[in-house]
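Each remark here refers to the structure printed beneath this line.
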Amino acid sequence: MTGPVPRPAIRGIGVYVPGKSRVEGALRAVKLSANENALGTSPKARAAYLAAADGLFRYPDVRAGALRAAVARKFDIEPERLIFGVGSDEIFTLACMAYLDLGDNAVQPEWGFAAWRLAVAAMGAEMRNAPERDYVVDVDAILDRIDARTKIVFLANPANPTGSAIPYTEVLRLQRGLPETALLVLDGAYAEFARAMPGFDAGLDLARRAPNVLMTRTFSKLYGLAGLRVGWAYGPESVIAALDRVRLPFNMTAPGEAAAIAALEDDDFARASIAHVDRERAALEDFLHGLGVRTIPSWANFVTLVFDEDARARAIDERLAGRGVLVRGLANYGMANCLRVTTASAEDMAAFRAEFELTLAG
Ligand SMILES: Cc1ncc(COP(=O)(O)O)c(C=O)c1O
């Protein structure tokens, strides 16, 4: 008996491994492993979520109309050129379903975000890695890997798991070098945290005027709604229409939509979140550099540490976990010599600093 046989394309896919979230036997873990919002959730979003409970028996709006209008207003963009997904993760999958056939390929920078790879593999397409220069995206290396069968190019700016970012001039150079038949997915999951970077731009204007650019954004980071899974994308009408064809009709939940609208309107929470990341990221980098630990210059809400040896990173990861401090080992990204640390509350950062010093000493 063999049972149903899955398509060959999906047999080799490894299930996504998230950052650690629990310590066996510990009452409380300091979770610095998933790039969540250190300030939690906007109180206004929380209230909107609870208020939505009365309507749970109803199907949500198939077009997420209220959220669509709110995002369009906030970013001054056309509502009909938006699509919403179960996190931006779902939008990557929709793009792969819409554009990748067997024999096609997608290109990503060497240290690309894990969800892209899974979505490309599920379509039986090839993912090509373009080497980076010292953990920074190399546009020429990406362009070198493009051919007639390249249908999608992924770029997160800032990137995860490195935290590095490239200036807008480089993003433009990438887009200009692509054939129009290749869709550039500009993943802006951390874009708001890079505002202070000279020459940074999330690419909204590029997505407005180019025929092949889709900019994705998320409510999981800045807006503190990772648990509700709300992401969106903005791009050419033809691309949005293609993605809409493969989207499940009711992919947004009504409470998710309500909370996202309230979060979008809570400028105080967003401002405080950005200020918190700016402050804690600088403090974390100073602390680590003071101990002689190398970090990748970060423009996201986390800092990635680079060690000389894989074994050193693994030992620190394990010792920290043993003390209840959870950071993100990056072996599944092929960066086994690195650890990623999310900027968390001041209290959690203090706990990290104390335990990290002990760990280095031990
Ligand atoms: C680069 C990048 N893109 C997208 C996402 C996914 O975000 P979402 O929660 O919207 O699916 C993440 C989450 O960690 C990320 O790091």
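Derivation of every value follows stated rules applied to the coordinates shown; laboratory data play no part. Quick caveat: nothing in here was measured; it's all calculated off a predicted structure. Cβ: placed from backbone, ideal geometry, glycine included. Neighbour counts: every protein chain shown.
Values as computed for the structure displayed
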{"item": "Distance between region 227-248 and region 77-124 - C-alpha centres, whole angstrom", "result": "10 Å"}
{"item": "For Thr150, distant residues with modelled amide H under 5 Å away", "result": "Asn105"}
{"item": "Cβ-based net charge around Met97, under 14 Å, with every Lys or Arg adding one and every Asp or Glu removing one", "result": "-1"}
{"item": "Mean residue ellipticity (222 nm) of the chain, computed from DSSP H runs ≥ 4 via -39,500 (n - 2.57), nearest 500", "result": "-12000 deg cm²/dmol"}
{"item": "Phi-based couplings in Hz for region 137-153 (Karplus 6.51, -1.76, 1.60; Gly and Pro marked x)", "result": "4, 10, 4, 4, 5, 5, 4, 4, 8, 7, 9, 5, 9, 7, 10, 9, 10"}
{"item": "For region 245-255, 3J(HN,Hα) per residue [Karplus equation, 6.51 cos²θ - 1.76 cosθ + 1.60, θ = phi - 60°, Hz, x = Gly/Pro]", "result": "5, 9, 6, 5, x, 10, 6, 8, 8, 5, x"}
{"item": "Residue-by-residue Karplus 3J(HN,Hα) for region 222-236, coefficients 6.51, -1.76, 1.60, Hz, glycine and proline x", "result": "4, 8, x, 10, 4, x, 9, 6, 10, x, 8, 9, 10, x, x"}
{"item": "Cβ-based net charge around Ser345, under 11 Å, with every Lys or Arg adding one and every Asp or Glu removing one", "result": "-3"}
{"item": "Positive-end residue, region 280-362 charge dipole about Cα centroid, Cβ charges, pick of Leu360, Leu339, Leu284", "result": "Leu339"}
{"item": "Square roots of 5 times each gyration tensor eigenvalue, C-alpha, region 43-265, largest first, Å", "result": "29, 19, 15"}
{"item": "Nonlocal amide H pairs with Phe302, under 5 Å, H built at 1.01 Å", "result": "Thr343"}
{"item": "Rounded, prolate or oblate (a/c below 1.5 giving rounded, otherwise prolate when a/b exceeds b/c) for region 192-262 by Cα gyration tensor", "result": "oblate"}
{"item": "For the chain, the longest site-free run once GluC sites (Glu not before Pro) in DSSP loop states with at most 13 other Cβ atoms within 10 Å are removed", "result": "25-179"}
{"item": "Sites matching chymotrypsin sites (Phe, Trp or Tyr not before Pro) across region 21-103 that sit in DSSP coil, with at most 13 neighbouring C-beta atoms within 10 Å", "result": "Phe57"}
{"item": "Set Lys44/Lys74; Lys20/Lys151; Lys74/Lys221; Lys20/Lys221 screened for pairs whose C-alpha atoms are more than 25 Å apart", "result": "Lys20/Lys151"}
{"item": "Distance between modelled label sites at Leu56 and Asp308, nm, 7 Å Cα→Cβ extension", "result": "5.6 nm"}
{"item": "Within the chain: Cβ-based charge dipole about Cα centre, in debye rounded to nearest 20 (Lys, Arg +1; Asp, Glu -1)", "result": "660 debye"}
